[in-house]
1. List pairs: first in segment A:271-284 and within 13 Å of another protein chain (Cβ to nearest Cβ) and surrounded by fewer than 16 Cβ atoms within 10 Å (Cβ to Cβ), second basic (Lys, Arg) and in a loop (DSSP other than H, G, I, E, B), Cβ under 8 Å, 6+ apart or cross-chain?
2. Quick check: is even one residue across segment C:187-208 away from chain A (no Cβ under 14 Å), modelled with pLDDT of 90 or more and touching a helix residue (DSSP H, G or I) at 6+ places or on another chain (Cβ under 9 Å)?
3. Quick check on segment B:253-268. Is at least one of its residues farther than 26 Å from B:Gly85 by Cα, modelled with pLDDT of 85 or more, β-branched (Val, Ile, Thr) and within 23 Å of the chain's Cα centre (by Cα)?
4. Going by what's in this entry, would C:Ser69 be described as within 12 Å of another protein chain (Cβ to nearest Cβ), farther than 17 Å from C:Gln244 by Cα, touching a Gly at 6+ places or on another chain (Cβ under 8 Å) and not β-branched (Val, Ile, Thr)?
5. Counting only residues that are in a helix (DSSP H, G or I) and either out of contact with any His (no Cβ under 8 Å at 6 or more places or on another chain) or more than 7 Å from chain C (Cβ to nearest Cβ) (or both), how many does segment A:179-196 have?
6. Under the condition of being among the acidic types (Asp, Glu) and assigned to a loop (DSSP other than H, G, I, E, B), which residue from segment A:288-312 is nearest to the chain's Cα centre (by Cα)?
7. Among residues belonging to segment A:116-169 that are under 23 Å from the mean Cα position of the chain (by Cα) and facing another protein chain (nearest Cβ under 9 Å), point out the one that is farthest from A:Glu180 (Cα to Cα).
8. State yes or no: is A:Gln223 within 10 Å of chain C (Cβ to nearest Cβ) and either touching a residue at least 12 places away in the same chain (Cβ under 8 Å) or at positive phi (or both)?
Amino acid sequence: MSRDILTLDDVHVAFSPQGLFRRRTAPVRAVRGVSLGVGEAESVGLVGESGCGKSTLGRVAVRLLSPTSGTVSFQGQAIQALPERRMRPLRPGLQMVFQDPYSSLDPSMTVGDSVAEPLRVHERLSGAERRARGREMLHLVGLEERHLDRYPHEFSGGQRQRVALARALILNPQVVVCDEATSAVDVSTQNQILALLRELRHDRGMGFLFISHNLAAVRHVAQRVAVMYLGKVVETGPTARVFAAPAHPYTHMLLTSAPGASRRGAGGATPVGEPPSPVNPPAGCPFQTRCPMVMERCRVEMPAPTPVDGGGEVACHLQTDGPHLAGRPLPETLRAGV
Amino acid sequence: MAMAQTPETAPTHEDGRASRRDRWRFARRFLSHRGAVVATGFLGLVGVVAVIGPAITPHDPLAQDLGAVLQPPSATHLLGTDDVGRDLFSRLIVATRTSLVAVLLSVAIGAGIGVPLGLIAALAQRTGGLLMRVTDGIMAFPPILLAIGVIGVLGPGLTQAMVAVGVVFVPRFARLTRTSVRHVARETYIEASRVIGTPLRRVVMWHILPNITGPIVVQIAVASGFAMLAEAGLSFLGLGVQPPDSSWGALLGRALPYINTAWWLGIAPGVFITATVLATNVVADGIGDSLGRETRRDA
Amino acid sequence: MSQEAERGATLLNVEELSVEVLTSTGWTGVTDTVSFQLRRGEVMGLVGESGCGKSTTALALMGLLPKASARVASGTVWLDGTDLYSLSRRQWEDLRGDDISMIFQEPMSSLHPAFTVGEQIAESVRRHRDLGRRDAWQRAVALLEKVGMPEARARATCYPHEFSGGMLQRVLIAIALACEPKVLVADEPTTALDVTVQAQILDLLRSMGAEFDLSILLVTHDLDVVADICDEVVVMYAGQVVEQATVKEFLHAPRHPYSRALLAGSRPDGDDSTELHWIPGAPPTPGALPPGCRFEPRCAHAHDRCRAEEIALQRHPDGSAHRCVLDLSAPRGE
């Protein structure tokens, strides 16, 4: 893990609903002890359903949020408690792209000014130089110079997302956190963006933390995947291994839930239930309430991450106690249940 | 010009490049509101009269003619004469400036103090809550009563009266600004700015102020209308402008005792007050509509 | 997947439907002579990129276009022999929710926040059926059970904000099915849902379709969803139908270059290959359409003829259709 540029170590985040009359409410435990690293020229996928804490984790990674406990380090420096003034010099290297292309651009700014904002903050350049750099970035994301002086409302969602991407890339960051960056755009735009991310990884050695609920997108762009459920990482591993031989019952459920002809062909495999509330997560394994292979032990004891054949780790008692899943045909119980 | 020039607190670019606001879109939309255009024209006219007023009066507005008091409108005195024989038309023209200056003064105080206060209140969590409780307290007073209280301390006079009205406006501007800023602060582009590392001062200048201009401009127009009425009311009560100067409200007040014998005296000042207030509100509506955000282009 | 032979009679017949919307330059066409037939018991997917007119078409055949900004310029919609556009507003309101109903992407905005979901289901039952309060409530609870709501009796007394998105979508399906309609129009019903919940809702739609002998028109941009649940596909581009085919034909041998490009981009069968495909450029905006084929500027197979003239929709004997001078399914050996 020493070669990682961005490292999160045992990060916990809890939100306490603030306010005069409800200070007593139980905190929302969004992230519960997650460790993750992104290396140079590496793309790490973070998948999970809404409410699993993946977006919170992304915000912690770029220090939009401070973790309740745990450390976040960037280029070997702990940043989780760094004051903004000392954080600022590190910012150019650590950028983020957000999900909503409609609210991520200032409606009163031209696209050119939005894209050039990082330059105005971090580099002393003339207006003409900034414009040239902005033009260069727009070309990179597939837009044209004439778009520089337009306002966001003149653009489609896909084009806005390209602009937001250009803004994140203009300082040539080392790591970019993409929070559902392609979830609100058409497949065509999504694939174009994914191809660009790959290219940047190869050519410039950029690292990506690609947060998404879209398994297909993650599969295209990530080399390693971490699967989150209810604030915890339940499985990590090389993308190929995780998709071909999921070791955690939840990962398996996610993969078999993806719509398509193959799911239709398999027939009668409807996943059960919905994630419980992160306000009061169950003791033991977070997935116990929906797991078709739940055991007595899962209700009391949180399984520890255990290595999996083919790479990565899984936090599941099946891995140590039962017929573990990875690389083997699925046990009958799981087939019937999922 | 009552308000047409007051808005635009938007910062200009440090490198002085062309305005960042989409002025043309705004102008196009605004011009399509016929009522707002007419109202703007009327306010423009009032503004011109305020500036060149003393030069165009047909009579000396202060010259008394005790031989011709309370005259009905005629060819020499277009709107008649008042109780000491002064030409009402001339007095009305001269009073325009007083009324408008009074409005500008109070709105400038209200916005000038209220907007920064609201900004601070929105950005500083702890002090913000405290500031808002104080403004809530001020807002609990009826505005005119509060103004009368301030005059009780400062003494009567137009400037004092309008300072008092300005004080009444402060919490309203502060509250609106705070709400608008908090609304804008929730947008993702503010988060994006934080990730970029843009210092707070610049976030305010680049992103927050330009995006709260809309509601504040509308509030300025609405407040102008209210200030016009408040000036009229206070002067009517004798707490505002002092003789021999006059304002529309003072003219109206002076006409009151003669409502049975010379009813026409109050008509002209009353019509101008009403028309100007109406015009500022119509313009405010027009601005509000024209600044409206683009709707999302969803599937 | 009903038996191929037993394809039912046409239930919903959309004929040459053209819709216009009001823009700054006046009324502009957003759909152009859209025609398709939905058969009894069939699930039809209406697909295309955002802005292609698929949602507009769905709203138009429900009579739900916003009056001030959109209108049906020409065309007819027949539901089981009734010309919908000849109905009075009153008659249409009686029909909606009874014979044809609709569900949307955001279930929350379709429900009233101040009434319990049970009351809202019962209300829609009573709107169309002569039932007492108590009977309607019983029916509401039964419907909630049917759509897979756990503890239906208790949950019927809850308010919309107490439900997750997936559960709300179940509530909406219960309301839509309250009067056993013949046709269900579903506009992106699973787009806002998580993948495991999406699978649940798709399976629910499938089983409800079979149980009620329901025809479903599914508006979606997601070809994986189409592959999962649809029998028939209508592909729209820039307001026109560019291809209609059975889902099998569409997935394996699309005729139109746009269909092929869409499929290459999403690959519903989960291809492992790492190459990424996309369609260059962006769809044209209504009012600024290219002169010939509307897809021509983005088409990999375009030639001069495509620029010269509008391309007519070719109907094939097997019920499929496509709008292109080429037929990409023809040379199989490619």
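The values are calculated or read from the model by the stated rules, or taken from the named source; none is laboratory data. Note that this is a predicted model, so its numbers are computed, not measured. We place every Cβ from the backbone using ideal geometry, glycine too, and count neighbours over all the protein chains shown.
1. Close Cβ pairs satisfying both conditions: A:Val272/A:Arg290; A:Gly273/A:Arg290.
2. yes
3. So far as segment B:253-268 goes, no, none of its residues is farther than 26 Å from B:Gly85 by Cα, modelled with pLDDT of 85 or more, β-branched (Val, Ile, Thr) and within 23 Å of the chain's Cα centre (by Cα).
4. In short, no.
5. Applying the first criterion (in a helix (DSSP H, G or I)) to segment A:179-196 yields A:187-196.
Filter once more, keeping what is either out of contact with any His (no Cβ under 8 Å at 6 or more places or on another chain) or more than 7 Å from chain C (Cβ to nearest Cβ) (or both): A:188-190, A:192-193, A:195-196.
Within segment A:179-196, residues that are in a helix (DSSP H, G or I) and either out of contact with any His (no Cβ under 8 Å at 6 or more places or on another chain) or more than 7 Å from chain C (Cβ to nearest Cβ) (or both) number 7.
6. A:Asp309
7. A:Pro118
8. Working: within 10 Å of chain C (Cβ to nearest Cβ): no; either touching a residue at least 12 places away in the same chain (Cβ under 8 Å) or at positive phi (or both): yes.
Judged against the criteria, A:Gln223 is not a match.
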